[in-house]
Amino acid sequence: MIRGRSPVVRSAIRAASPLALLVAAFLFFAGHNQPGGGFAAGLVIGAVVALRTVAGIGRPQDATRWFAVGTALVSVVALAPLLGGEPLLDQVIVSETVPLLGKVKSGSALVFDAGVTAIVVGLFVAVFDGLDADELGRDEVQV
Amino acid sequence: MTALVGLLVVVPMLAAAVGFVAGERQWVRDILTVGSLAGATAIAGILLAHVESEGTVVLRVGDWDPELGIVLVVDLMAALVLLVAMATILVVQLFAIGQRRTAWGADPQLSGPLLLVLTSGVVLAFLTGDLFTLFVAFELILVSSYVLLTHQGRRGQIRSGMTYVAMNLFASTLFLVGLAIVYASTGTVNLALLAERIPELDDPLRWGIGLWFLVVFGTKAAIFPLFSWLPDSYPTAPTTITAVFAGLLTKVGVYVLIRFHVLTGMDDLGPLILTLAGLTMVIGVAGALAQDDVKRILSFHIISQIGYMLMGLGLFTLAGIAGAIVFLVHHIPVKTVLFLVGGLIEEREGTSALDKIGGLAQRQPLLAVLFALPALSLAGIPPFSGFVAKLALVDAGIEKVVVPIVVIALANSVLTLVSMVKIWTGVFWGSGDDESATPIRILRPGHRLMVGATAVALIASLAIAASFGPLWDLGERAAADLLDSRAYIEAVVS
């Protein structure tokens, strides 16, 4: 594909990746009260994975581990309240004043969201493993 | 008690996550799958006992108001079906552990954890109190079932898997659009609130919603004419997968169909549903008669049996709904046993095609018994559970004086028996000598576990027939709760 043919695109993807991750981080934290959240953040990271795969740059591997970590995080957060006699998925909300950021409101839902993100990223990794995009790229280079 | 309800959904999920990373350590996966399924069965049993004496259990997830949040509702119908479903999956998993070392077994690294994800989805579908969570549950079931169906990558699996995926994705899309229609016209997707608001809508809109969801859930339940995805895809999967799918997945469709249409008072659709029920029965059994492979015949039977449950729903009477629920409970273990026996035959003979097997009754008398009893039960011969379940439905039909469906239901029983006889003569009778002596293989390790699991499931289904009196009472109470939606609404909203 693009790999080995267009250094411009490769460099651009390389440079854009951290920025995209920043956007993902923003969406991740914005998700509490505004559009965004763990799923949206996962999609953006997934887009980075997609671009890096096509361009032949390193990307996250081992979809299973992403799935497992994500599912474990989600389940643990869902189950934890039961220990305290609260209903399933009940959340703890923390409100703190932090230097630089001012008043920050967050809670255990953040960990839940992190699990969701991990599952979505894992899905992207699995899809690109399945499509064997790496192989496709290699063929193109040989031509 | 509400904590148990939550555990039922989350624990299989968590066990699946750990199972995925267990790698080569098969014993970890075995402990996880069997342990969590046994736990789920125990919880389902406790819940049934509790709901039976104390009434509906409602879990408000995250303590949100029912209008905003997710509610899980365990009423009598849910608890009853849940217990049977969990026990069935547990038995199939034991069978799967026994079958693992043979060529027919599913890949344990994938199938164990994915079966747990599927279980979680099935639980969620049974318990959810709102339509959107139901959609999520369906997706959970479907995504894991796509992988389970096709993960061996055989040609037939991929080909029929495509039909399966396409049909179900289409139904899911319709479901999503239907959700939008319901939300736009009532302002909620909570089932209890819908039970209040949908009956107040104008007739055309109400009928539209009823028909729309009849198509959506009907596709999942494989009713006529939306069944085409089923008979091709099911027989290609590994036995244990087919057994779970056959026992449970279409029944999840029927279950939500009953729940939604009864709660929202869609009585006007009764005649249409009865017509579809008759067609589903006849077409299903006609398809079964035309097949010459054990697993394919059994797959077509699923469709024809769905017709009976639909018949109970279509009557919209107490006896009818109770009959449908009881039929559901009878059908899950019986169908699963039949497919497990199909798997045993396949493992024994290397094929499930009728013309290649013969004389199995002489060589494997135990297998013959394991097949004969549930087969007779499915056909509705006394004293098995199929007979009482069908009798209840026919009785309900006569009570409401709907002659055609009663006639079809009775005639259909005979045809079912005929197709079972076809399997019997093909597989178990005859000398089998013309086969130039099928080599009698040494019992593989795990074979005992497979036969044992099948036998346990069979005993469970016989127990259903033996305890039919109490079961019928439970079914009647569950149906009464559904028909009188006030009880449900009160439990959820207040």
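Just a few scattered comments:
- Take the accessible area of chain A alone and of chain B alone, subtract that of the pair, and you get about 1200 Å² summed over both chains, using a 1.4 Å probe.
- If R0 is 60 Å, the Cβ-Cβ spacing of A:Val104 and B:Ser467 corresponds to a FRET efficiency of close to 0.55.
- Helix axis angle, B:250-263 relative to chain B longest principal axis, alpha carbon, degrees: 20
- The residues of region B:1-36 occluded by other protein chains by 40 Å² or more of accessible area, set against the chain on its own, are B:Val10, B:Leu14, B:Ala17, B:Phe20, B:Val21; surface from heavy atoms, 1.4 Å probe.
- Convex hull volume per residue for region B:2-493, taking Cα atoms only, in Å³: 126
- Solvent-accessible surface of region B:113-224, averaged per residue with a 1.4 angstrom probe and all protein chains in place: 36 square angstrom.
- Among B:Gln157, B:Leu48, B:Ala375 the positive-end extreme of the charge dipole of region B:2-493 (Cβ point charges): B:Gln157
- Charging the Cβ of each Asp and Glu at -1 and of each Lys and Arg at +1, and nothing else, the dipole of region B:1-120 about its Cα centre rounds to 600 debye.
- Mean projection area, nm², convex hull over Cα of region A:7-142: 10.2
- Couplings for region B:308-314, taken from phi via the Karplus curve 6.51 cos²θ - 1.76 cosθ + 1.60 with θ = phi - 60°, read 5, 5, 5, 4, x, 5, x Hz in order; Gly and Pro are left as x.
- The angle separating the long axis of helix B:403-423 from the principal Cα axis of greatest extent in chain B is about 20 degrees.
- B:Asp65 - accessible surface, heavy atoms, 1.4 Å probe, Å² rounded to 10: 80
- Debye intensity ratio in log₁₀ form over the Cα atoms of region B:79-191, taken at each q of 0.11, 0.13, 0.20 Å⁻¹: -0.45, -0.61, -1.14
- Among the listed pairs B:Lys251/B:Lys356; B:Lys335/B:Lys400; B:Lys335/B:Lys422; B:Lys356/B:Lys390, those beyond 24 Å (Cα-Cα): B:Lys251/B:Lys356; B:Lys335/B:Lys400; B:Lys356/B:Lys390
- A 1.4 Å probe run over the protein chains yields, for region A:7-142, 56 Å² of accessible area per residue, whole-number rounding.
- Solvent-accessible surface ranking, highest first, for B:Glu347, B:Glu200 at 1.4 angstrom: B:Glu200, B:Glu347
- Chain A: most fluctuating residue of A:Ile93, A:Ile13, A:Ile119 per GNM, C-alpha cutoff 10 Å: A:Ile93
- The residues packed around B:Leu354, meaning those with a beta-carbon under 9 Å from its beta-carbon, carry a net charge of -1 if Lys and Arg are +1 and Asp and Glu are -1.
- Relative to the longest principal axis of the Cα atoms of chain B, the long axis of helix B:318-349 lies at roughly 30 degrees.
- Interface residues, region A:73-90 - accessible area loss of 20 Å² or more versus chain alone, probe 1.4 Å: A:Ser75, A:Leu79, A:Leu82, A:Pro87, A:Leu88, A:Leu89, A:Asp90
- Applying 1/(1 + (r/R0)^6) with r as the Cβ-Cβ distance of B:Val369 and B:Leu449 and R0 = 22 angstrom yields a FRET efficiency of 0.75.
- The label-point distance for A:Ile57 and B:Trp429, in a model that sets each label 7 Å from Cα toward Cβ, rounds to 7.2 nm.
- Over chain B, relative contact order from alpha-carbon pairs under 8 Å, at least 6 apart, %: 17
- Euclidean distance of C-alpha centroids, region A:24-103 and region B:48-69, integer Å: 28
- Point-charge dipole on Cβ atoms (K/R +1, D/E -1) for region B:2-493, about Cα centre, debye to 20: 1560
- Exposed trypsin sites (Lys or Arg not before Pro) absent: longest stretch of chain B, with sites in DSSP loops and at most 15 other Cβ within 10 Å deemed exposed: B:155-440
- Among A:Pro18, B:Leu127, B:Ala171 the positive-end extreme of the charge dipole of the protein assembly as shown (Cβ point charges): A:Pro18
- Dipole magnitude of the protein assembly as shown about its Cα centre (Cβ charges: Lys, Arg +1; Asp, Glu -1), debye to nearest 20: 1700
- For region B:2-493, with +1 on Lys and Arg beta carbons and -1 on Asp and Glu, the positive-most of B:Gly62, B:Leu83, B:Gln362 along the dipole: B:Gln362
- Net charge contributed by nearby residues that have their C-beta within less than 14 Å of B:Phe468 (K/R +1, D/E -1): -2
- Helix-derived mean residue ellipticity, 222 nm - over chain B, DSSP H n ≥ 4, -39500 (n - 2.57), to 500: -25000 deg cm²/dmol
- Within the accessible area of the protein assembly as shown (1.4 Å probe), percent carbon and sulfur: 68
The values are calculated or read from the model by the stated rules, or taken from the named source; none is laboratory data. All values derive from a computational prediction rather than experimental measurement. Note that each Cβ is placed from the backbone with ideal geometry, even for glycine, and that neighbours are counted across all protein chains shown. Side chains are part of the model used for accessible areas, which takes the heavy atoms of the whole protein and leaves out ligands, DNA and RNA. Shrake-Rupley method; radii C 1.70, N 1.55, O 1.52, S 1.80 Å.
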